[in-house]
Amino acid sequence: MSDAKVRLYVEQPLGPGQPVPLTQDQAHYLFGVMRLARGAAVSLFNGRDGEWRAEVAEAGKRGGTLLCKDQTAPLRLPPDLWLLFAPIKKARTDFIVEKAAEMGAARILPVQTRFTNSERIRQDRLQAHAVEAAEQCGGTFVPEVADLTNLERLLADWPADRRIMWCDESLVGARAGLLEAAGGFEARGFEEGPKRPSPGPWAILIGPEGGFSEEEQARLRRMEQVVPVSLGPRILRADTAAVAALTLWQSVLGDWR
Ligand code: SAH
């Protein structure tokens, strides 16, 4: 355990004795907002090298340097799970990205569907939300937030071995749960990696407020990789559906097991 009060994501490599120069924003946060002085401990991670305890070596108004001391946690990768969702209003989209990072999605892909409300996203802002979520939940990994992609194009090129847990609102109230489907996956066997609990590559797909179009539904039903799943007897808003789906998947197939 580290005695650090602050956990910070940095891009630089981390290792014993490694100096980490700070950006102006980082220096402002550490020395202006958090009032850290020389010698204070900071917890660092970069998404690749685990978590490290570092100390403030130089503190200035516009910059500074941290010095990496020792590793406090190894890199913990989430399962190989992507979250595909149709972006909704800004605050709700931010919420989905934040929750997906906390819940252990490995990659977050906003997708444009027939009834997607929003034409554009700010990928850089969403990525920053994923970083913040990882900082505060103690994660050592930051999921990549991809740019907005068209669902049809994405499905046209979909990897043969990546299953899709399709949250299908037409199944509302049905017993078509992941649990039922998971019996079959168990029989085929899980690949247990050394670092990654892995039922193989998966994705979750959540639709927009308007749901999926008939063509999209037909397209998804034809795909072998697709497992249509119900999220219970109520129609959930897309942001609730994202958290519920991640919970369901993580508890049945993922790293909650
Ligand atoms: N307007 C649509 C609902 C959209 S809800 C309708 O009334 O049918 C937004 C998304 O959340 C859906 O596309 C689906 O992916 C997911 N979702 C919400 N509730 C669900 C449920 N009970 N079962 C499965 N998926 C659900």
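The values are calculated or read from the model by the stated rules, or taken from the named source; none is laboratory data. Since the structure is predicted, the reported quantities are computational estimates derived from the model, not experimental observations. All Cβ positions, even for glycine, are placed from backbone atoms using ideal geometry, and neighbour counts span all protein chains on display.
Before moving on, here are some points about what is shown:
- Test: residue in the stretch 119-134 that is at pLDDT 90 or above, surrounded by 15 or more Cβ atoms within 10 Å (Cβ to Cβ), under 21 Å from M223 (Cβ atoms) and more than 16 Å from the ligand (Cβ to nearest atom): no
- Where a residue in the stretch 217-245 is closer than 14 Å to A86 by Cβ and assigned by TED's automatic domain parsing to the domain that holds K89 and its partner, wherever it lies, is part of a strand (DSSP E or B) and within 6 Å of the ligand (Cβ to nearest atom), with Cβ under 6 Å and at least six apart: A238/I206; A241/C167; A241/I206; A242/I206; A245/C167
- Test: residue in the stretch 141-153 that is in a loop (DSSP other than H, G, I, E, B), away from the ligand (no atom under 16 Å from the Cβ), of a type outside the set (D, E, K, R) and at pLDDT below 95: no
- Filter result for E191 (modelled with pLDDT under 90, over 21 Å from R92 (Cβ atoms), of a type in the set (D, E) and more than 8 Å from the ligand (Cβ to nearest atom)): yes
- For the stretch 232-253, a residue qualifies if it is assigned to a helix (DSSP H, G or I) and either near the ligand (Cβ under 7 Å from one of its atoms) or in contact with a His (Cβ under 6 Å, 6 or more places away or on another chain) (or both), and the qualifying residues are A238, A241.
- All conditions but one from (1) touching a strand residue (DSSP E or B) at 6+ places or on another chain (Cβ under 6 Å); (2) at pLDDT 95 or above; (3) more than 7 Å from the ligand (Cβ to nearest atom) apply to I206; the one that does not is (3).
- Restricting the first member to the stretch 155-173 and to residues that are within 16 Å of the ligand (Cβ to nearest atom), and the second to residues that are basic (K, R), the beta-carbon pairs closer than 8 Å and six or more apart or on different chains are L155/R219; V172/R234.
- Answer residue from the stretch 16-56, given it is at negative phi and of a type in the set (G, A, S) and is surrounded by the fewest Cβ atoms within 10 Å (Cβ to Cβ) among those: A37
- Cβ-Cβ contacts under 7 Å between residues 6 or more apart (or on different chains), taken from a first residue in the stretch 113-133 that is within 21 Å of M103 (Cα to Cα) to a second residue that is hydroxyl-bearing (S, T, Y) and not in a helix (DSSP H, G or I), are listed as V131/Y9.
- Any hit, the stretch 101-109, residues being in contact (Cβ under 8 Å) with a residue 40 or more places away in the chain and in a loop (DSSP other than H, G, I, E, B): yes
- Of the residues making up the stretch 209-224, one or more are at pLDDT below 95 and away from the ligand (no atom under 12 Å from the Cβ).
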